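Pasting in a structure now, in structure tokens, and then I'll have a few things to ask.
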Amino acid sequence: MTVESTAARKPRRSAGGKAGTTGTKRTTRTTAKKSPDAEPELVQLLTPEGERVEHAEYDPYVAGLTPEELRGLYRDMVLTRRFDAEATSLQRQGELGLWASLLGQEAAQIGSGRATREDDYVFPTYREHGVAWCRGVDPTNLLGMFRGVNNGGWDPNSNNFHLYTIVIGSQTLHATGYAMGVAKDGADSAVIAYFGDGASSQGDVAEAFTFSAVYNAPVVFFCQNNQWAISEPTEKQSRVPLYQRAQGYGFPGVRVDGNDVLACLAVTKWALERARSGAGPTLVEAFTYRMGAHTTSDDPTRYRGEEERLAWEAKDPILRLRRHLEASGHADEGFFAELETESEALGRRVREAVRAMPDPDHFAIFEHAYADGHALVDEERARFAAYQASFTDAEGV
């Protein structure tokens, strides 16, 4: 499903400006406080109860959504969560070496992912499974790296979706450089780079902000602030809300409700259109929550309380949109039942595909080490071949 922009205008914003939240039905502006612990305002179009909130600045970007498109966003989130749950189970059963779950961050990823155009280019980290889904990457291709049978499993240029990046924050520099090239080519497209709150403290991210601002690069920095950089809370990362960091670099920062798929869709559309128009970079902070562990090797109960998790569980992004669909009459029980069947089928397909993945070629590691070959590599290959043969010889004894 592609959700095209319905905006008739591009909202004007001053550098470093925050998003207004005045609406005609209900406002979502948080009362400003002087306490450093006060929650800053954020853009919200759908409350946790599923109530639609009007927003003068961002409504144009979602005003034309049809019931079918709304159901499509819901389907995206449900199937992404199902795939993610299956991957977690596979890791627990020894089928994957590691897995980084997106549980709780579906709205941020699906909303922003569906805001991109086919000719935009996406630079993910290693948790953007929902964005990959939006870009048409087969979910089973994401699992090859975590199973250890390949280094990615898809051609980045076929979907304009780069390979997962494990080095924290480095993809923001890659995205900035690519965006600078897009600008020099005069292309009518934009670039979006995903990273987390922990990565926002990396030097690479600061350099990317500097270069993108100076060269007016058409790039959107999409920070999924799930509030925990493994075991470090956001308050140990920054004394100000993360979106305000953009002010020091001279471009806008916006904080959006990361559990609201409509708000994430609208704000990202605005930021991408701003980039395409030549206005430069934007920092979008999607304020959300990591419901599970950082990865399957992590135990979140050691550093955060159950009360906090339960409070955020009540803001579940999928339940929020379901409530809206039901209240507005845009979906019935037949739709939800059919989607449940599709979800289970996806889980089975993923499990079967992972277990059927062939082992990698043991000698592929020696390929492309040097363009024209190298005597040392040849020697290492021969020694490794002898080592591998020793197992066969032992079995034959």
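The values are calculated or read from the model by the stated rules, or taken from the named source; none is laboratory data. Just so it is clear, the model here is predicted, and its values are computed rather than measured. Backbone-built Cβ (ideal geometry, glycine too); neighbour counts: all protein chains shown. Just so you know, the surface numbers come from the protein's heavy atoms only, side chains and all, with ligands and any DNA or RNA stripped out. Shrake-Rupley method; radii C 1.70, N 1.55, O 1.52, S 1.80 Å.
Taking 0.36 nm per residue of separation and subtracting the Cα-Cα distance, what length does fully extending residue 345 through residue 54 add?
Residue separation times 0.36 nm, minus the Cα-Cα distance, leaves 101.1 nm.
What does a probe at residue 335 reach in segment 253-280, counting residues whose amide N is under 15 Å from the point 7 Å along Cα→Cβ?
262
Which of the three applies to segment 279-326, rounded, prolate or oblate, going by the alpha-carbon gyration tensor with a ≥ b ≥ c and a/c under 1.5 meaning rounded?
It comes out oblate by the Cα gyration axes.
Same structure again: Rounded to the nearest 5, what % of DSSP beta bridges with both residues in the chain are antiparallel?
Restricted to the chain, the bridges split so that about 10 percent are antiparallel.
Restricting to Cα pairs below 8 Å that are 6+ residues apart, what does the relative contact order work out to for the chain? Please round to a whole percent.
22 percent.
To continue, here is another question. If I take every Cα pair under 8 Å that is 6 or more residues apart in segment 79-135, average their sequence separation and divide by the length, what percent do I get for the relative contact order?
Relative contact order here is 38 percent.
How large is the translational diffusion coefficient of segment 73-164 in µm² per second when you combine the Kirkwood radius over alpha carbon pairs with Stokes-Einstein at 25 °C and 0.890 mPa s?
186 µm²/s
Moving on. Find how many whole Å separate the alpha carbon centroid of segment 301-359 from the alpha carbon centroid of segment 238-275.
26 Å
Right, something else. At 0.36 nm per residue, minus the direct Cα-Cα distance, what do residue 117 and residue 188 gain on full extension? Give it in nm, one decimal, please.
In short, 24.5 nm is gained.
Where the accessible area of the chain is counted over protein heavy atoms with a 1.4 Å probe, how much of it, in %, is carbon and sulfur?
Answer for the chain is 50 percent, counting heavy atoms of protein chains only.
While we're on this one: Can you run the Rg to Rh ratio on the chain? Use alpha carbon positions and the Kirkwood inverse-distance Rh.
That ratio is 1.00, to two decimals.
In addition: For residue 368, what is the net charge nearby, where nearby means another residue's Cβ is under 15 Å from its Cβ and Lys, Arg count +1, Asp, Glu -1?
-4
Which whole-number percent of Cα pairs in segment 186-275 have a distance greater than 18 Å?
45 percent
So for segment 160-221, averaging the separation of alpha carbon pairs under 8 Å that are six or more residues apart and normalising by length, what relative contact order in percent results?
Relative contact order of segment 160-221: 44 percent.
Mind listing which trypsin sites (Lys or Arg not before Pro) in segment 219-277 are in a DSSP loop and have 10 or fewer other Cβ atoms within 10 Å?
Taking segment 219-277 and a limit of 10 other Cβ atoms within 10 Å, the loop trypsin sites (Lys or Arg not before Pro) found are 239.
Please list, in order along segment 321-330, the HN-Hα scalar couplings obtained from phi with the Karplus expression 6.51 cos²θ - 1.76 cosθ + 1.60 (θ = phi - 60°), rounded to whole Hz, x for Gly and Pro.
So the Karplus estimates, Gly and Pro as x, are 6, 4, 4, 5, 4, 5, 5, 8, x, 8 Hz.
What order, most packed first, do the peptides 318-330, 339-351, 372-384 have when packing is the mean number of other Cβ atoms within 10 Å of each residue?
Peptide ranking by packing, descending: 318-330, 339-351, 372-384.
As an exercise, identify the GluC sites (Glu not before Pro) in segment 79-178 lying in DSSP coil whose Cβ has no more than 16 other Cβ atoms within 10 Å.
Within segment 79-178, the qualifying GluC sites (Glu not before Pro) (loop, at most 16 other Cβ atoms within 10 Å) are 118.
Something else: Run the quick spin-label model on residue 301 and residue 385: label points 7 Å from Cα toward the beta carbon, then report their separation in nm to one decimal.
5.2 nm
Mind grabbing the base-10 log of I(q)/I(0) for segment 231-382 at q = 0.14, 0.18 Å⁻¹? Debye formula, identical points on the C-alpha positions, no solvent, two decimal places.
Listed by q, the Debye log ratios stand at -1.05, -1.15.
Show the residues, 5+ positions off or on another chain, whose built amide H is closer than 5 Å to the amide H of residue 228.
290
Determine the calculated [θ] at 222 nm for the chain from helices alone, applying -39500 (n - 2.57) to every DSSP H run no shorter than 4 residues and normalising by the residue count; nearest 500 deg cm²/dmol.
Theoretical 222 nm ellipticity from helices: -13000 deg cm²/dmol.
Now a separate question. If you scale each eigenvalue of the Cα gyration tensor by 5 and take the root, what three semi-axes come out for segment 120-194, rounded to whole angstrom and sorted largest first?
23, 13, 10
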